[in-house]
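Contents: one structure, followed by commentary.
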Amino acid sequence: MKLGKTKWCLLSAAAAAAVLGGCGRPAEPESEQASENIVIGFSQVGAESDWRVANSESMYATFTEEKGYDLLFDNAQQKPENQIAAIRTFILQGVDYIVLAPIIESGWDEILTEVKDAGIPVIVVDRMVNTEDESLYTAWVGSDTYWEGETAVGWLEDYLQEQGRQEEEISILHVQGTTGATPQLGRTAGLDEGILQNENWSLTGRVEGEFTQAKAYEEVAEFLKSGSKVDVIYCENDNSAFGAMQALDEAGISYGEDGDVIIISFDATRAGLTACMEGRINLNVECNPLHGPRVEKIISQLEAGESPEKHSYVEETYFTPDSLTPEFIEQRQY
Ligand code: GZL
């Protein structure tokens with residue numbers, strides 16, 4: 001039975017806590033209450049990075065009760081099976097919309113078919129779902145992560161040229177994000193294309209950093225024990241760049257603008273931009289997490305009976321140390 005906003009009765013706190021499990025927000029007060037609010041079930045990847053925290057904060061800040069929403073937030077803790085369970089719960093609760101930030105691109109047809117059969121629109125945010133049937137979701141909003149990788153490679157080509165190193169054998173250590181996630185696929189494809197186009201570039205190693213500082217640190221520290229030549233470390237997000245830098249510090253290897261190893265990162269979080277401004281990261285490619293307002297625009301269109309764009313890409317840029325000041329970083333929203 002679809003309860004939705006017309007007759008949404010909030011489950012008692014115990015029941016809500018039981019069905020949602022691991023939910024990031026305290027359950028509603030101990031009572032049933034009717035609500036005219038739009039009820040949104042949000043399945044979030046986890047809290048693996050600064051970017052993800054900012055993404056969640058954007059959703060919380062946008063979908064407030066004062067603005068007429070009830071946001072049911074589920075933190076999947078980077079486990080796809082938790083997302084599927086949370087979505088099934090949202091169906092049982094008869095939410096008005098499901099917002100999905102998929103951990104990986106594969107494995108969505110079955111559960112999204114159940115959602116479609118329940119008549120609940122799905123808005124996919126950030127990463128993509130890989131499906132032949134695009135009717136399984138109403139709209140997607142996020143970044144062009146292949147462009148992000150391509151942009152990083154283009155910058156590296158120019159930078160090496162400026163350094164007079166365009167003929168030098170360049171060894172690249174690649175710290176990948178979560179395998180099968182859109183940003184991993186896109187940023188990796190950009191690098192792979194760059195290595196194909198530059199015959200003096202080679203991949204000295206490829207490790208899985210899972211977009212976290214801890215895993216990247218562990219993997220890079222292990223790799224550095226090999227003593228292999230490393231001229232560039234291509235980190236698929238800021239937190240994995242922090243892990244790589246931590247490993248380089250421990251190994252006594254210099255990096256950044258005045259160091260032996262070039263550090264490339266993605267996300268451009270405040271912490272990542274600060275490291276870039278200080279010259280510890282040579283290039284930081286923006287990946288904007290502030291999707292709350294973008295999702296709200298889609299929901300407003302749907303509420304008004306309009307058809308939103310199927311795929312909306314966020315405009316992004318990139319940063320180098322000379323392009324940053326403390327004032328600029330301070331005014332950034334994430
Ligand atoms: C990017 C997003 C990635 C970020 C990471 O679209 O999915 O996941 O780059 C985050 O920081 O963990």
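From the helices alone, meaning DSSP H stretches of at least four residues, give me the mean residue ellipticity at 222 nm for the chain, per-run term -39500 (n - 2.57), in deg cm²/dmol to the nearest 500.
Numbers: 11 runs with 129 residues, N = 334.
Mean residue ellipticity at 222 nm (helix-derived): -12000 deg cm²/dmol.
Find the relative contact order for segment 187-301 and round it to a whole percent, using C-alpha pairs within less than 8 Å whose residues are 6+ positions apart. Display every interim value, and only then the final one.
Values: 159 pairs, mean separation 21.3, N = 115.
Relative contact order here is 19 percent.
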Rounded to 5, percent antiparallel among DSSP beta bridges of the chain: 10 percent
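Based on the alpha-carbon gyration tensor of segment 41-128 and its eigenvalue square roots a ≥ b ≥ c, which shape applies: rounded if a/c is under 1.5, prolate if not and a/b is larger than b/c, or oblate?
Numbers: a/c = 1.94, a/b = 1.10, b/c = 1.76.
Oblate, since a/c reaches 1.5 and b/c is not below a/b.
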HN-Hα J in Hz across segment 78-87 - Karplus 6.51, -1.76, 1.60, θ = phi - 60°, x for Gly and Pro: 6, 10, x, 5, 5, 5, 5, 5, 5, 5
Segment 155-308: C-alpha gyration tensor shape, a/c 1.5 cut-off, then a/b vs b/c: prolate
Pairs of Lys in the chain closer than 15 Å at Cα, counting only those 8 or more apart or on different chains: 4
Between segment 50-68 and segment 204-258, the Cα center-to-center distance that results, in Å: 32 Å
Segments 106-112, 143-149 sorted - mean Cβ within 10 Å per residue, highest first: 143-149, 106-112
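Would you please classify the overall shape of the chain from the alpha carbon gyration tensor, given that a ≥ b ≥ c denote the square roots of the eigenvalues, rounded means a/c under 1.5, and beyond that prolate means a/b larger than b/c while oblate covers the rest? Provide the component values of the computation, followed by the final result.
Details: a/c = 2.23, a/b = 2.16, b/c = 1.03.
Prolate, since a/c reaches 1.5 and a/b exceeds b/c.
How would you order 272-281, 230-239 from highest to lowest mean count of nearby Cβ atoms within 10 Å? Each step should come with its number before you reach the end.
Working: 272-281: 22.4, 230-239: 28.0.
In decreasing order of mean packing, 272-281, 230-239 become 230-239, 272-281.
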Rounded to 5, percent antiparallel among DSSP beta bridges of segment 70-224: 0 percent
17 Å reach of a label modelled at Leu290, 7 Å along Cα-to-Cβ, counting backbone N of segment 312-326: 313-319, 325
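For segment 211-334, which whole percent of the accessible surface, found with a 1.4 angstrom probe, sits on carbon and sulfur atoms? Before the final figure, lay out the partial values.
Working: 2460 of 5390 Å².
On segment 211-334, the fraction of accessible area on carbon and sulfur atoms equals 46 percent.
Packing-wise, with mean Cβ within 10 Å as the measure, how do 254-261, 47-54 rank, highest first?
47-54, 254-261
The values are calculated or read from the model by the stated rules, or taken from the named source; none is laboratory data. A quick note: this is a predicted structure, and the numbers were derived from the prediction, not measured. Cβ atoms come from the backbone with ideal geometry, glycine included; neighbour counts cover every protein chain shown. Areas reflect the complete protein model, heavy atoms only, side chains present, ligands, DNA and RNA absent. Shrake-Rupley method; radii C 1.70, N 1.55, O 1.52, S 1.80 Å.
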